[in-house]
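Engineer: Pasting in a structure now, in structure tokens, and then I'll have a few things to ask.
Where a number appears in this text, it was derived from the coordinates with a stated rule and is not lab data. The structure presented is a predicted model; accordingly, all values stated were derived computationally and were not measured. Cβ: placed from backbone, ideal geometry, glycine included. Neighbour counts: every protein chain shown.
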Amino acid sequence: MNYFEYRDGELFAEGVPVRRIAQEVGTPAYIYSLATLRRHFRVFDQAFASFSHVVCFSMKSNSNLAILRIFVKEGGGFDIVSGGELFRALRAGADPKKIVFSGVGKRKEEFEYALTSGILMFNVESEQELTVLNEVARGVGKKAPISLRVNPDVDPKTHPYISTGMKKSKFGIDIKRSMDEYKRALSLSHLEVIGVDCHIGSQLTSVPPFVDALTRVRSLVDALRKEGAGIRYLDLGGGLGIKYKDEDPPHPEAYAEALIRGLEGLDVTLILEPGRVIVGNAGILVSEVLYLKETDEKKFVVVDGAMNDLIRPALYGSYQGISPVMKRDGEGIVADVVGPICESGDFFAKDREIPRVQPGDFLAIMSAGAYGFTMASNYNSRPKAAEVLVDGANFYVVRGRETLEDLIKGEVIPPILQ
């Protein structure tokens, strides 16, 4: 459920007409619904109420400070993958003891930053990472709390780019040899083994792959405890999908019920890393129609948003719903919805039947709250879009639109070229 709806043919974000935001803030602009974000977080969190758990929102999906602050106030933590994300989480007021640090390429200075910040756990992904983390922890006089991210070789049946739990993935350690790595970790002086981590992918639309992964990981937890490891946390990652078009993902309650049943009798605190399922359908990208163009082959609707603002369709070939901000009477058209970027891959939709539009109209690209702004770039020297948070009848610009001066911040022409 989300709070974007039509009233008398006009799209509203909660109690605010989207057209009003577009006119006052400009386009392209990301618009998020506070009520939707709160509802999604609470539904997910409450689904696991019967089992000890921490919901660590996956910051890679949306890292705006205002969004993060919502989840802090809801009692949530964060799954981070960089020092920059740690900085954002702490700036938003996060409890460090509700932060887990994932990712295959952590730098020494990121380890040190996280250690001195006192985070809950590092999800370690390789043998060499164990060595480096132990050295850094020794240098700062602390013990690093760790889990190993194990790769259970489960096919999540999702896009190859967001499938992370199979043998060919760069992520994690093969579960068959993870015991040897855990024994090594237990022997290192400045590491404390406290958990097991497993994340199989993103945009999963069925429960069985999660259950399959849990079954394999549970056996590892039992084996580790026999070796004397004090396993207190089981991090099962995130990955629950959302509806973009005709997907039918499981409700968080069904997902939780299956996992809790599989955890029966296992004395751990469950770490969950939802991202897309919380923010995906809580945000839209609004763009203005600039031109209509027609060739012998097809029609194009040229908008002011582009692949630098929302790269998912170009990168994954993914579907994003497109809705008019103001509905018009009359027959629709079949067209490509494209942006100004000098790439043929700069499109939001191809051969899509959409309502007839005119220059000056606004289009809403739906389900854009996850992996939208966080993956944005300045390609073609385009300033990044504004971000707006709606609360009932009010809205707030939570990230101002970049200026042309912002584009060259930090760049210098050296004296030799003066």
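Engineer: Could you tell me which of the pairs Lys73/Lys108; Lys299/Lys384; Lys97/Lys143; Lys384/Lys409; Lys143/Lys183 are separated by over 21 angstrom between their Cα atoms in the structure shown?
Structural biologist: In this structure, Lys73/Lys108; Lys299/Lys384 lie more than 21 Å apart at Cα.
Engineer: Sorting check: for 115-122, 247-254, 362-369, which peptide has the highest mean count of neighbouring beta carbons within 10 Å, and how do the rest follow?
Structural biologist: Result, highest mean first: 362-369, 115-122, 247-254.
Engineer: Compute the FRET efficiency between Gln23 and Arg91 as 1/(1 + (r/R0)^6), taking r as their Cβ-Cβ distance and R0 = 30 Å, and round to the nearest 0.05.
Structural biologist: Step by step, r from the Cβ atoms, then E = 0.45.
Engineer: Then there is this: Take the alpha-carbon centre of the range 194-233, take the same for the range 68-112, and report the distance between them in whole Å.
Structural biologist: Rounded to whole Å, the Cα centres lie 22 Å apart.
Engineer: State the Cα centre-to-centre distance between the range 303-363 and the range 1-35 in whole Å.
Structural biologist: The range 303-363 and the range 1-35 have Cα centres separated by 17 Å.
Engineer: Find the eigenvalues of the gyration tensor of the Cα atoms of the range 222-264, then list the square roots of 5 times those eigenvalues as equivalent ellipsoid semi-axes, largest first, in whole angstrom.
Structural biologist: In descending order the semi-axes read 31, 11, 7 Å.
Engineer: Provide the per-residue ³J(HN,Hα) series for the range 321-336, in order, calculated from phi with Karplus coefficients 6.51, -1.76, 1.60 and θ = phi - 60°, each as a whole number of Hz, with x at glycine and proline positions.
Structural biologist: Using θ = phi - 60°, the values come out as x, 10, 10, x, 6, 10, 6, 10, 6, x, 6, x, 10, 9, 8, 8 Hz.
Engineer: Charges on Cβ only, +1 for Lys and Arg, -1 for Asp and Glu, centred on the Cα centroid of the range 34-279; of Gly83, Ile175, Ser126, which one is farthest towards the dipole's positive end?
Structural biologist: So the residue furthest toward the plus end is Gly83.
Engineer: About the Cα centre, and with charges only on the beta carbon of Lys, Arg (+1) and Asp, Glu (-1), how big is the dipole of the range 34-279? Nearest 20 debye, please.
Structural biologist: Dipole magnitude for the range 34-279 comes out near 440 debye.
Engineer: Suppose every Lys and Arg Cβ carries +1 and every Asp and Glu Cβ carries -1, with no other charges. What dipole size does the chain come out with about its Cα centre, to the nearest 20 debye?
Structural biologist: So the dipole magnitude of the chain works out to roughly 920 debye.
Engineer: Under Stokes-Einstein, with the Kirkwood radius over Cα pairs standing in for Rh, what whole-number D in µm²/s applies to the chain at 4 °C and 1.567 mPa s?
Structural biologist: Result for D is 57 µm²/s.
Engineer: Going toward the positive end of the dipole of the chain, with +1 on Lys and Arg Cβ and -1 on Asp and Glu Cβ, which of Gly262, Gly369, Ser318 do you reach last?
Structural biologist: My answer, from the dipole projection, is Gly262.
Engineer: Just the projected area, averaged over all directions, of the convex hull on the alpha carbon atoms of the range 34-279: how many nm²?
Structural biologist: On the way: hull surface 48.2 nm².
The orientation-averaged projected area of the Cα hull of the range 34-279 comes to 12.1 nm².
Engineer: I want to verify the translational diffusion coefficient of the range 327-390 in µm²/s; compute it with Stokes-Einstein, Rh as the Kirkwood radius over Cα pairs, at 20 °C and 1.002 mPa s.
Structural biologist: So the translational diffusion coefficient is about 152 µm²/s.
Engineer: Which whole number in µm²/s is D for the range 181-228 by Stokes-Einstein, with the Kirkwood Rh taken over Cα pairs at 4 °C and 1.567 mPa s?
Structural biologist: After rounding, the answer is 103 µm²/s.
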